[in-house]
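This report concerns only the one structure given below.
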Amino acid sequence: MAKDYGTIIYRKETRSYVVGKLCVPHPDDDTVPDEVRRQFAELWADVDAYAEAHPEMVTEEQPYVPPVPTLEEVKTAKLSEINAAADRAIATLTATYPDRELATFDKQESEARAYAADATASTPLLSALAQARGIPLDELVRRVLAKADAFAVASGSIIGQRQALEDRLDVCTTVEEVQSIAVNIVMPGEEVSA
């Protein structure tokens, strides 16, 4: 008579049994090394006899079915993908500047715009930068404004694309619609590839 194995699991795909934490391979399972199959052949026969005698103690293992994400979960993931793509694109615009210099961009732009409107405006940061660089203040103002305007156009284009993708996402009513959104942020001046 076979030993009492309690509740066991039968794996239909491989014809193996799971007893406690031990997987007992079928003697004909060629995905298992010969030596291992030989070691477990007698135990498999004993467990199989037990399973035949006590079918109520056997649970057939069900194939793994991954959870199906909800529409909101898929939308949240897609929004994260959209935001990350926009962040990467915007980061390329300032990648060559150190963080401390980036922190002065708003101040540089405000001083440059004030100076452009009134050449007597106070420009402590720009004056120091121009002196350290050995260039006239009005030349530095021209450069700062040109870069600020170029950044505004580029970042505006990127942010607009991000917002357009989010608008498309907002009206999606199925997981398939969300999954069909291709996230492709194009830098201004680049062609859209098909």
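Return the label of the correct value of Cα Rg over 2.2 N^0.38 Å, as calculated from the structure shown, out of [x] 1.29; [y] 2.07; [z] 0.97.
Working out Cα Rg over 2.2 N^0.38 Å from the coordinates points to [y].
Taking the Cα atoms of segment 86-125, report the difference between the largest and smallest coordinate on each principal axis, in whole Å and largest first.
Principal-axis extents of segment 86-125 (Cα, largest first): 39, 18, 11 Å.
Can you give me the convex hull volume of the Cα atoms of segment 150-194, divided per residue and expressed in Å³?
That works out to 57 Å³ per residue.
Enumerate the lysines that Lys147 could reach by cross-link, defined here as Cα to Cα under 17 Å, with residues fewer than 8 away along the same chain left out.
Cα-Cα hits under 17 Å: Lys107.
Need one number: % antiparallel among DSSP beta bridges in the chain, to the nearest 5.
If I count the DSSP bridges inside the chain, around 70 percent turn out antiparallel.
Starting from the Cα of Lys3, draw a straight line to each of the aspartates and glutamates and keep only those under 19 Å, dropping any in the same chain fewer than 8 residues away.
Reachable aspartates and glutamates: Glu42, Asp46, Asp48, Glu52, Glu56.
What order do you get for 46-59, 171-184 when each peptide is scored by the mean count of other beta carbon atoms within 10 Å, highest first? Mind showing how you got there, number by number?
Details: 46-59: 14.0, 171-184: 12.4.
Per-residue Cβ counts within 10 Å, averaged per peptide and sorted highest first, yield 46-59, 171-184.
Quick one: putting +1 on the C-beta of Lys and Arg, -1 on the C-beta of Asp and Glu, what dipole do you get for segment 51-111 around its Cα centre, in Debye to the nearest 20? Working shown, then result.
Numbers: 5 positive and 13 negative charges, 82 e Å.
Roughly 400 debye for segment 51-111.
Counting Lys +1, Arg +1, Asp -1, Glu -1, what net charge surrounds Ala121 among other residues with beta carbon under 14 Å of its beta carbon?
With Lys, Arg at +1 and Asp, Glu at -1, the neighbours total -2.
Would you calculate the volume per residue, in Å³, of the smallest convex hull containing every Cα atom of segment 71-171?
Numbers: hull volume 11.1 nm³, N = 101.
Output value, Cα hull per residue: 110 Å³.
If we sort 13-19, 3-9 on the protection proxy, mean other Cβ atoms within 10 Å, highest first, what's the order?
Ranking, from highest mean packing down: 13-19, 3-9.
I'd like the Kirkwood hydrodynamic radius of segment 112-194, using the inverse of the mean 1/r over distinct C-alpha pairs, in Å.
16.1
Let's see if you can work this out: charge +1 on each Lys and Arg Cβ, -1 on each Asp and Glu Cβ, no other charges. What is the dipole magnitude of the chain about its Cα centre, in debye to the nearest 20? Mind showing how you got there, number by number?
On the way: 19 positive and 34 negative charges, 216 e Å.
Once rounded to the nearest 20, the dipole reads 1040 debye.
Name the residue from Val183, Phe151, Val171 whose Cα lies farthest towards the positive end of the charge dipole of segment 151-194, charges +1 on Cβ of Lys and Arg and -1 on Cβ of Asp and Glu.
Farthest along the dipole direction, towards plus: Phe151.
Would you mind telling me the share, in percent, of accessible area of the chain contributed by carbon and sulfur at probe 1.4 angstrom?
Its accessible area is 55 percent carbon and sulfur atoms.
The values are calculated or read from the model by the stated rules, or taken from the named source; none is laboratory data. Just so it is clear, the model here is predicted, and its values are computed rather than measured. Here the Cβ is made from the backbone with ideal geometry for all residues, glycine too, and neighbour counts use every protein chain on show. Note: accessible area is taken over every heavy atom of the protein model, side chains too, but ligands, DNA and RNA are not part of it. Shrake-Rupley method; radii C 1.70, N 1.55, O 1.52, S 1.80 Å.
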